[in-house]
């Protein structure tokens, strides 16, 4: 049938549709949406001969991307020049999703829409009684009333087709003509007499029920659409297995071939004991008969434990590089997915691949992601437990002669399941701890090997200023120092660049251009000078490297930088009390000068309180609980408590009250002591502060010059030196001899490792050159005529 308004043909099944729906369809057909959908999913590849080349080339035309070119002209030109047009492979496009969603929405509106003017049954009868309704159509479930004689009007030419095509009274109103719909109530004896009384035309009409089509369009089609989108996302991001649904269980391990492993033991420093533990694994993978002939068995696995950034992954790569075997690397989180059973399947898959490529090494980083203890806690995860069970089975499934070695790394060995750590699975636990001063020096030399250093730079001095840092931190410091040298316009990295990089990493970037309140700047100067003086006059404290009032980082107005003179593994009670004194020195200086205190000492008080609490609750340094630990110890490597629900309290309220009183007592006693010390040296406090206000930064040499210039300061410092803990002559001599022997042994070992690494690199380079020569000879050889 024909629309009388614009002459367009309208499908009979859409005769009840309002006009604005057809405007929507016409707008879609006139827009670029369909063209983009159809063009965005295909590419046309054209073979075209160019003037500069005799061989045909491929021309890819993307109609939805090449805005400035007419691809039809390009195709026509290619055809004229003898090119061949081939349709490219179908590609999924999100424009298809938009189009399908739009079609489903329109079909739902067109075919299954409800009445636009549904009223209550009582209101429908009231409209009949008031004469608004002239004709009523009965169906199985509903009544439709019209404010005109629809059956009579449909017989007229213009109005009849107008109504039949659906542009009139199907809506609320159009030119004064309306329709109402209500649910039919069976057994109402008053309805028919009322319609006869009002002389209303009523007739029965069949109700169209497209149940199958409605089921397909409302349920099946959206489900197909969701599956298509899910499949596309899986293929695009590769998270759930590509084109095969059964590929969920395939592992995501990064496989590194032996020829691509360039890391050697010479590239790893600061963990010589850990390397000694892993040398046997390398020897077994290289020469297995040496162990099997004597009846020995190599450990099936080794667990590398230690703080973050200490080089556990680097050490595993070095083991694979030294052994020259294939290296499988995965993270513990790669095994766990939202789908149950995926983790176990991936464990089976990676061990299957490893057996096929034996000898090889499997390295699982962050093992605690799947290896947590299977305890009866609320955080039990069935998928994680299935993955762990499968890992235990696989570790029992291969013997020590299969050539598959399992290495794993974790920061939290205390949370691992005991079944993982028993002999026969992870036979060895290799501790990769933070390096000592000699190890830090070796790490700095490795990372700065390709950095242009100033001739007067002493790496040993830099290593002493980086106590407590891991290998990753040291690598970052070397890089930051190089960047700072470039920023300053120097072509070599100097001592100043290294120490600036250390402070930037630890505290934050220096804010040289920040405007400061003069009074706050003076308060900061007295505060930092108070810290420095208490540090200098307190026995067994680190040396003051520098004092500055230049702001850094977030909220740091100034700081005093202490540097340890030597490595210390433990501290005495007096040393801990001295650290509390140093922390309270800034606040005491403010009170002496201004008679009040500021918020600048907030962080100092927190540090001092934590030390005092640890002395009482964990270290057994209180009077009443001298040999009792009250708090549960946290993680040995991360420094956090193991309890996921908060701090574990294992003592009574009375004990808690005693702990609080003891902390308050210690803090009060130490604060009074610091006040007395700074009042005694107030002249020195003001002298150093005035100099600090002028220069903003004071190095250790200047600070000691000021102390030596004042008699009271010189005498106090001499007393402090006499109070420092010193070893006995015998212990000092034997300790120095031992340290010298260790340094000599480590130097010889590193020289041997470096020589082996250089030899391996030379052999690899020679092999590559030989292979390249053979390829060139094969290309230069004359070819036989066909």
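A few points about this structure:
- From the options 512, 464, 546, 452, residue that is more than 30 Å from residue 712 (Cα to Cα), touching a helix residue (DSSP H, G or I) at 6+ places or on another chain (Cβ under 8 Å) and outside the structural domain of residue 365 (by the TED database): 464
- Answer residue from the range 693-711, given it is over 20 Å from residue 563 (Cβ atoms) and surrounded by 13 or more Cβ atoms within 10 Å (Cβ to Cβ) and is modelled with the highest pLDDT among those: 693
- Of everything in the range 406-427 that is out of contact with any helix residue (DSSP H, G or I) (no Cβ under 6 Å at 6 or more places or on another chain) and in a strand (DSSP E or B), the residue that is farthest from residue 273 (Cα to Cα) is 416.
- Filter result for residue 517 (loosely packed, with under 15 Cβ neighbours inside 10 Å and closer than 30 Å to residue 679 by Cβ): yes
- Any hit, the range 481-491, residues being outside the structural domain of residue 367 (by the TED database), surrounded by fewer than 21 Cβ atoms within 10 Å (Cβ to Cβ) and closer than 20 Å to residue 545 by Cβ: yes
- Subset tally (residues that are surrounded by 21 or more Cβ atoms within 10 Å (Cβ to Cβ) and in a loop (DSSP other than H, G, I, E, B)) for the range 260-283: 4
- When each of 553, 558 is tested for being at pLDDT below 90 and surrounded by 19 or more Cβ atoms within 10 Å (Cβ to Cβ), the lone residue that passes is 558.
- Of the residues making up the range 289-332, those that are out of contact with any strand residue (DSSP E or B) (no Cβ under 9 Å at 6 or more places or on another chain) and not in a loop (DSSP other than H, G, I, E, B) are 289, 290, 291, 292, 314, 318, 322.
- Selection from the range 562-584 of residues that are buried (at least 22 other Cβ atoms within 10 Å of the Cβ) and touching a strand residue (DSSP E or B) at 6+ places or on another chain (Cβ under 9 Å): 582
- Selection count where residues are in contact with a helix residue (DSSP H, G or I) (Cβ under 6 Å, 6 or more places away or on another chain) and modelled with pLDDT of 85 or more, scope the range 618-628: 1
- Residues of the range 693-709 satisfying the condition of being part of a strand (DSSP E or B) and in contact with a helix residue (DSSP H, G or I) (Cβ under 7 Å, 6 or more places away or on another chain): 698
- Screening residue 183 on (1) farther than 17 Å from residue 103 by Cβ; (2) modelled with pLDDT under 80; (3) surrounded by 10 or more Cβ atoms within 10 Å (Cβ to Cβ) shows it passes everything except condition (2).
- Residue list for the range 425-441, restricted to those being within 30 Å of the chain's Cα centre (by Cα) and farther than 19 Å from residue 362 by Cα: 433, 434, 435, 436, 439, 440
- Test: residue in the range 308-322 that is surrounded by fewer than 21 Cβ atoms within 10 Å (Cβ to Cβ) and more than 25 Å from the chain's Cα centre (by Cα): no
- Residue check, residue 286 exposed (fewer than 15 other Cβ atoms within 10 Å of the Cβ), within 24 Å of residue 753 (Cα to Cα) and without any contact (Cβ under 8 Å) to a residue 60 or more places away in the chain: yes
- Out of 562, 539, sole residue that is under 23 Å from residue 675 (Cα atoms), without any contact (Cβ under 8 Å) to a residue 40 or more places away in the chain and not in a helix (DSSP H, G or I): 562
- Pairing residues of the range 508-519 that are within 11 Å of residue 555 (Cα to Cα) with residues that are in a loop (DSSP other than H, G, I, E, B), at Cβ distances under 6 Å and at least 6 apart in sequence or on separate chains, gives 508/553; 511/551.
- Out of 503, 522, sole residue that is modelled with pLDDT under 90, within 27 Å of residue 691 (Cβ to Cβ) and in a helix (DSSP H, G or I): 503
The values are calculated or read from the model by the stated rules, or taken from the named source; none is laboratory data. Keep in mind it's a predicted model, so treat the numbers as computed, not measured. Backbone-built Cβ (ideal geometry, glycine too); neighbour counts: all protein chains shown.
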